[in-house]
1. Taking strands (runs of 3 or more DSSP E) that fall entirely within the stretch 1-84, which contain at least 1 residues that are closer than 30 Å to Lys233 by Cα, within 16 Å of the ligand (Cβ to nearest atom) and touching a strand residue (DSSP E or B) at 6+ places or on another chain (Cβ under 7 Å)?
2. Please indicate, with yes or no, whether at least one residue in the stretch 138-146 is at pLDDT 95 or above, in contact with a helix residue (DSSP H, G or I) (Cβ under 6 Å, 6 or more places away or on another chain) and either part of a loop (DSSP other than H, G, I, E, B) or within 12 Å of the ligand (Cβ to nearest atom) (or both).
3. Would you mention how many residues in the stretch 94-125 are at pLDDT below 95 and in a loop (DSSP other than H, G, I, E, B)?
4. Of the conditions (1) at pLDDT 95 or above; (2) buried (at least 16 other Cβ atoms within 10 Å of the Cβ), Lys85 satisfies every one except a single condition; which number is it?
5. For the stretch 263-277, enumerate the residues that are without any contact (Cβ under 8 Å) to a residue 24 or more places away in the chain and within 8 Å of the ligand (Cβ to nearest atom).
6. Out of Trp198, Trp164, report the one residue that is part of a helix (DSSP H, G or I) and crowded, with 21+ Cβ neighbours inside 10 Å.
7. Within the stretch 18-34, which residues are touching a residue at least 24 places away in the same chain (Cβ under 8 Å), closer than 14 Å to Asn189 by Cβ and out of contact with any helix residue (DSSP H, G or I) (no Cβ under 7 Å at 6 or more places or on another chain)?
Amino acid sequence: GSGEEEKLTHECKELLLSVPRERGWRTPFIYQFQGFWCQPKEIQAILSFHKHFQAKDGDVILATMPKSGTTWLKAIAFAILNRKKFPAFSNNHPLLFSNPHDLVPFFEYKVYANDQVPDLSILPEPRLLATHIPFASLQESIKNSSCKIVYICRNPFDTFISSWIFSNKIRPETIPPLSLEEGFNMYCNGAIGFGPFWDHMLGYWKESLERPDKVLFLKYEDMKQGIAFHLKKLAKFLGCPFSLEEEEEGVIEDVAKLCSFEKLKELEVNKSGKSIMNIENRHLFRKGEVGDWLNYLSPAMVEQLTQVMEEKLSGSGLEF
Ligand code: A3P
C-alpha cells in the first residue's frame, strides 16, 4: 500500500482487506464501507466515531455530500447559533478570521481523525458538528437522541463538476489526473466519496419526511434564490427563531451578507489560510453559482446523468 495506508490502525487495515475497492479520485483507492465509498483514513475515523461519539439532545449536526455547500452551511449555522455572543455585523466575528471548517469540525476529518478520542463533553453547548457520513451510518445516539440534523443537498450536475475540479486541484502529485470522462463515469456508477449520491440524498430526504423536527432538508439552489427565507426557516428549526426586533434591525441580512460567497472568498484567512487536512482554503471558494455544469458537460453526459437521476430518484419526491 501507499505510505498513507501504513499509518492506519490494525483494525482498519484488516477491514480494508475484506471490502470492495475502486480507483480513488485523489487517493490510490476508495473502499466500500457499509454501502458507501470512502478513503482509508475516513474509514478509520468513522470506526472511532461509531465507538466513541455520544450525542446530546441539544447537538446540531450538519450533514452533506462533499461539494454541496458544506462550507456555506457551516458558516450560516455558526452565525445563527452564536448571534447573541457574536453579532453578524461585528468586526470581531470569528467567521472573519477563521474558515468555517475550523469553527464547525467534521467528525471524520478533525474530531476522530488520526486515531484520537477527544473529550467532547467540554465543548460549549449547543455543540455544532459536521459530517459527510450517510444517515444510515451515523452513530446510533445521533439517530436516537433529540439532536437536530441539517442536510444541504445540491443538484448532481453542479456537485459533480465542483467535485471533479476540486479533486484535481488538491490531488497529490503521485496520483494521476482524473479526466472529465473517467470522473463522470465513476460519479454515475456511485463511486465517489460518501456516494452513491442518490443513496446519500435519499437517506436524509426520507428521514426529513418522516421526522421533520429531526432533519431539515435544504437545497443549495433554493438557498441561492431566497437566502432570507431559508435563514428564518433554519433558525426556527434550530429553536432560535429571529425575533421581530431582530428582523427589523436587519439581523437576517447581516447573517446572509457575512456568510455570502463574495464576503468569505475575499477574507485573508480564506485566501491564504489552510484548514481541513491541510487543504488551502482558497480551493473551497470557486464560483459559487448554479448551472456551471453547462460549461463542461456534453449533451450525452447530460442525458446519462439525467437518466441515472430518473432511475434512482423517481417516486421519492426529491427533484432538481
Ligand atoms: P463550486 O465549485 O461550484 O464553485 P463544499 O463547501 O461542500 O465543499 O462545496 C463547495 C462549493 O460551494 C463550491 O462550489 C464553492 O464555490 C461553493 N461555496 C463555498 N462557499 C460558498 C458560499 N458562502 N455561498 C455559496 N456557495 C459557496
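The values are calculated or read from the model by the stated rules, or taken from the named source; none is laboratory data. What you are looking at is a predicted structure, and each value in this text was computed from that prediction instead of being measured. Note: ideal-geometry Cβ built from the backbone for every residue, glycine included; neighbour counts use all protein chains shown.
1. 60-64
2. yes
3. So the count comes out to 7.
4. (2) is the only condition that Lys85 fails.
5. Lys263, Lys265
6. Trp164
7. Residues satisfying the conditions are Glu22, Arg23, Gly24, Ile30.
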